[in-house]
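Before any comments, here is the structure.
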């Protein structure tokens, strides 16, 4: 009986710790272009996650709030209205975070191609 109580306490503590590291990420589109696709992946992974916008568009000046984002370093791939792709690497997200994508960020990606 003691073991199962301590096991339950341990599991509850692990869940609480995991929840403490999952937070909200607020992304603001401060560019001249609408964003049609937004993919994220922890920097140590080679595959992109699902499109975070699904069927929506992140319009110029608009915001998107994602919940449950784990504390990590992320790579973010953005595809704008002209189908230009931009990969921004090494975005540190931990706790409630605000992140703004700017026109300069997108133009810098295009000049890197």
Cα→Cβ-extended label distance, 7 Å offset, between residue 55 and residue 71, nm: 3.7
Each label sits 7 Å from Cα toward the beta-carbon; between residue 44 and residue 103 the label points are separated, in nm, by 3.9
In nm, the gap between the two label points placed 7 Å beyond Cα toward Cβ at residue 26 and residue 64 is 1.7
Please work out the C-alpha center-to-center distance from the stretch 21-87 to the stretch 92-107 and express it in whole Å. 9
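The numbers here are math on the coordinates, done by the rules we state, and not lab data. The shown structure was predicted, so the numbers you read here are calculated from the model rather than taken from an experiment. Neighbour counts run over all protein chains shown; Cβ positions are idealised from the backbone, glycine included.
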